[in-house]
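Remarks on the structure that follows.
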Amino acid sequence: MRHFASARDGSLAGKFLFSLYRLAIFAVTRLSRPSLVHVHTSTGVSFLRKSAYVWLASLKGARILLHIHPGEFWDQLESAGVLRRRAVMSALRRSDGIVVLTEVIARKARSVTTGVEISVLPNAVNLKELAIHPRPAREEALIAFLGWYVKSKGAFDLLEALVTVHIRCPEMRAVFGGWKGSSTLKNRVRTLGLADVVDIQGWLGRDEVTSLLSRCTVFVLPSYTEGVPMVILEAMGCGAPIVTCPVGGIPDVAIEGRNAVYVRPGDIQALAETLLHILNDEKARTEMSRANLMDARRYDVTVVIKELRGRYEKYLVGN
């Protein structure tokens, strides 16, 4: 098994040149027989770039497993124009199998495309890496957010909601861990008068993420669109109560009334009221925490890797 990086962070020109360079390397790389190329992709430019790998792998005679992560990919395909739809479908049909993250997404995928086998493989989380012994006590009124500081993740909506939360719960504190738009988010914090209670940090390392999710009173991800965010699985693995939105594949893993509370994307007032309720209801938090620790087991890497191995065997050895 070999990992082949096709992209990197950096300037737009740097990313473009690196992508071309890696594609050229893949084009001249000899693949043994039989070979399976497992392609991970998102939407837009990511899919366009990965489509080239699908075509090249197909020309080399390799089996192809196309792993499409965002659920909105299928909504975009459904609404796409004729030419774009044909181009996308051409790449899809060159794949031996397509993998999506949840059954809800799979049903959508099957409704907008035909002639391609679609199966479900959830994201995996390493519960061993998330274990802290002894597990720290949860801090009072500590709200955590992890992700990109962009509108689609609800980062700015959460700041607006925290104004109300802080007025009615003065001891509240919030930690934001992530990147993209950090300066804009920090400016908004100052404008809203939250500088003393909201800490905007950079991208956190593994130990820092585990510590925050194990200590926070509640983890919040008020996204407008998602696949199955890894941070939701990590929050579950750390036993953090969760407030999020029922978008993408989230309802398949975070069950409202069991281990999460939902709000509608963009409903800032409802988000504030929900957070206040969770901060004041220790019994509900304890029950959600216990359920999350239990439910996270089904997404442990030791479980998911067995399913992935089965996919590899199917396409390499045969049906």
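An oblate overall shape is assigned to segment 124-193, the ratio a/c of its alpha-carbon gyration tensor axes (a ≥ b ≥ c) being 1.5 or greater and a/b not exceeding b/c. Among 190-196, 232-238, 122-128, the peptide with the highest mean count of other Cβ atoms within 10 Å heads the list, and the full ranking is 232-238, 122-128, 190-196. For the options G202, G97, G177, a Gaussian network treatment of the chain with springs between C-alpha atoms closer than 10 Å singles out G202 as fluctuating the most. So, taking all protein chains as they sit and a 1.4 Å probe, how much accessible area belongs to K151, in Å² rounded to tens? Surface accessible to solvent at K151 totals approximately 130 Å².
Taking a ≥ b ≥ c as the square roots of the Cα gyration tensor eigenvalues, with a/c under 1.5 meaning rounded and otherwise prolate when a/b beats b/c, else oblate, which class fits segment 104-144? Since a/c reaches 1.5 but b/c is at least a/b, the shape of segment 104-144 is classed as oblate.
Please give the length that would be gained between R93 and R33 if that part of the chain were fully extended, namely 0.36 nm times their separation in residues minus their C-alpha to C-alpha distance (nm, one decimal).
My answer for the length gained is 19.5 nm.
Of the residues L59, V39, F73, the one whose Cα sits farthest towards the positive end of the charge dipole of segment 2-156 is L59 (charges of +1 on Lys and Arg Cβ, -1 on Asp and Glu Cβ, taken about the Cα centre). Exceeding 31 Å between C-alpha atoms, which entries from my cross-link table qualify? They are K15/K60; K60/K128; K128/K180; K15/K151; K60/K314; K128/K186. Pairs exceeding the cut-off: K60/K128; K128/K186. Packing-based ranking of 51-59, 134-142 yields 51-59, 134-142, ordered from highest to lowest mean Cβ neighbour count within 10 Å.
Antiparallel beta bridges, as assigned by DSSP with both residues in the chain, represent about 0 percent of the total such bridges. Taking every Cα-Cα distance in segment 1-101 and sorting them into 5 Å bins from zero, the calculated P(r) comes out as 2, 12, 22, 24, 19, 14, 5, 1 percent.
Sorting 13-21, 180-188, 67-75 by their mean Cβ neighbour count within 10 Å, with the most densely packed peptide first, gives 67-75, 180-188, 13-21.
Note that segment 144-303 presents 41 Å² accessible area per residue, ligands and nucleic acids not counted, probe 1.4 Å. Compared with the dominant principal axis of the Cα atoms in the chain, helix 268-280 is inclined by about 60°.
Solvent-accessible area of the chain (1.4 angstrom probe, protein heavy atoms only): carbon and sulfur portion equals 55 percent.
Which value, in debye to the nearest 20, describes the size of the charge dipole of segment 113-268 about its Cα centre when Lys and Arg Cβ atoms bear +1, Asp and Glu Cβ atoms bear -1, and nothing else is charged?
Working: 15 positive and 16 negative charges, 52 e Å.
So the dipole magnitude of segment 113-268 works out to roughly 260 debye.
Dipole of segment 166-280 computed with +1 at Lys/Arg Cβ and -1 at Asp/Glu Cβ about the Cα centre; of G249, L212, Y262, farthest Cα towards the positive end is L212. Given +1 at the Cβ of Lys and Arg, -1 at the Cβ of Asp and Glu and no other charges, the dipole of the chain around its Cα centre is 1700 debye to the nearest 20. Helix 182-191 and the longest principal axis of the Cα set of the chain meet at an angle near 20°.
Out of these labelled values of Cα extents along the principal axes in Å, (1) 63, 40, 35; (2) 63, 45, 36; (3) 62, 46, 40, which was calculated from the coordinates shown here? So the calculated entry is the one marked (1). With contributions of -39500 (n - 2.57) from each DSSP H run of at least four residues, the per-residue ellipticity at 222 nm computed over the chain stands at -15000 deg cm²/dmol. Angle of helix 82-93 to the longest C-alpha principal axis of the chain, folded into 0 to 90 degrees and rounded to 10: 80°. Working from Cα pairs under 8 Å separated by at least six residues, relative contact order for segment 1-136 is 18 percent. Cross-link candidates for K283: which aspartates and glutamates have Cα within less than 20 Å, leaving aside residues fewer than 8 places away along the same chain? Correct list for K283: E139, E140, E171, E256, E273, D295.
Find the relative contact order for segment 159-277 and round it to a whole percent, using C-alpha pairs within less than 8 Å whose residues are 6+ positions apart.
Working: 146 pairs, mean separation 29.3, N = 119.
The value is 25 percent.
When only alpha carbons of segment 185-319 are considered, Rg and Dmax amount to 17.4, 62 Å.
The values are calculated or read from the model by the stated rules, or taken from the named source; none is laboratory data. This structure is a prediction, so every number in the text was calculated from the model and none was measured. Counting neighbours? That spans all protein chains shown, and the Cβs are built from the backbone with ideal geometry, glycine included. The accessibility values were calculated without ligands, DNA or RNA, using every heavy atom of the protein model including side chains. Shrake-Rupley method; radii C 1.70, N 1.55, O 1.52, S 1.80 Å.
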